[in-house]
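The values are calculated or read from the model by the stated rules, or taken from the named source; none is laboratory data. Because the structure is predicted, anything quoted here is derived from the model rather than measured. Heads up, the Cβs are rebuilt from the backbone with ideal geometry, glycines too, and the neighbour counts pull from every protein chain shown.
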Amino acid sequence: MTNPSATQVAVLGGGCFWCLEAVYLEARGVIQVESGYMGGHVDKPTYEQVCSGTTGHAEVVRVTFDPDVISYHDVLEIFFTIHDPTTLNRQGNDVGTQYRSVIFFDSPEQEASARKVIAEMAIVWDAPIVTEVAPAQTWYKAEDYHQDYFRQHPLQGYCAFVVAPKVAKFRKIYAERVK
């Protein structure tokens, strides 16, 4: 069993949180993934408020992981593989600041690692990376029905056509990191 004091947390936004959550739940070393909101100016925002694009929040996942099994660098490498960090405020048909690519850091080490991974990934993408790197702010957990959404609704249209291919891509590229 993992020692809770030895865990770390990454907060990442890369489009709809269902996609990121589904992938990280399958990653070896990840202990917990929660969908939520960060980066806005409204206290306790609802999903409807965040979707309106007026709160400033991004849909994010809070990934709790064991750094002895998966490093923060590796968590970020997966992040840059499963979403498009070159599209400003958009992932596919999901458009708005709530779908922006963002890494919220909670230490100078996390910030440095985020900037390093962005530099490494710049050679992978054909367009400039627009991922925001910002200090962590207040975390708001999304409503219960958003938690573990893909596992509960695998045949729902968005899950079948958007989330499932990202999970399949993760399994293919990172087979050695799958639980």
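Surrounded by fewer than 17 Cβ atoms within 10 Å (Cβ to Cβ), acidic (Asp, Glu), in contact with a strand residue (DSSP E or B) (Cβ under 9 Å, 6 or more places away or on another chain) and not in a helix (DSSP H, G or I): is that true of ASP68 in this structure? Before the answer, list the steps.
On the way: surrounded by fewer than 17 Cβ atoms within 10 Å (Cβ to Cβ): yes; acidic (Asp, Glu): yes; in contact with a strand residue (DSSP E or B) (Cβ under 9 Å, 6 or more places away or on another chain): no; not in a helix (DSSP H, G or I): yes.
Considered against the rule, which asks whether it is surrounded by fewer than 17 Cβ atoms within 10 Å (Cβ to Cβ), acidic (Asp, Glu), in contact with a strand residue (DSSP E or B) (Cβ under 9 Å, 6 or more places away or on another chain) and not in a helix (DSSP H, G or I), ASP68 comes out as no.
What is the residue count in the stretch 46-65 for residues that are assigned to a loop (DSSP other than H, G, I, E, B) and surrounded by 22 or more Cβ atoms within 10 Å (Cβ to Cβ)? First the steps, then the outcome.
First pass over the stretch 46-65, keeping only residues assigned to a loop (DSSP other than H, G, I, E, B): 46, 52-57.
Remaining after also requiring surrounded by 22 or more Cβ atoms within 10 Å (Cβ to Cβ): 57.
Going through the stretch 46-65 one residue at a time, the tally reaches 1.
Could you check the stretch 82-179 for helices (runs of 4 or more DSSP H) lying wholly inside it with 2 or more residues that are of a type in the set (A, V, I, L, M)? Reasoning before the result, please.
Working: elements: 108-121, 149-152, 164-173.
Once the helices (runs of 4 or more DSSP H) in the stretch 82-179 are filtered for at least 2 residues that are of a type in the set (A, V, I, L, M), what remains is 108-121, 164-173.
What residue, of GLN91, GLN110, is crowded, with 17+ Cβ neighbours inside 10 Å, more than 10 Å from the chain's Cα centre (by Cα) and modelled with pLDDT under 95? Reasoning before the result, please.
Values: GLN110 fails: modelled with pLDDT under 95.
Of the residues listed, the single one that is crowded, with 17+ Cβ neighbours inside 10 Å, more than 10 Å from the chain's Cα centre (by Cα) and modelled with pLDDT under 95 is GLN91.
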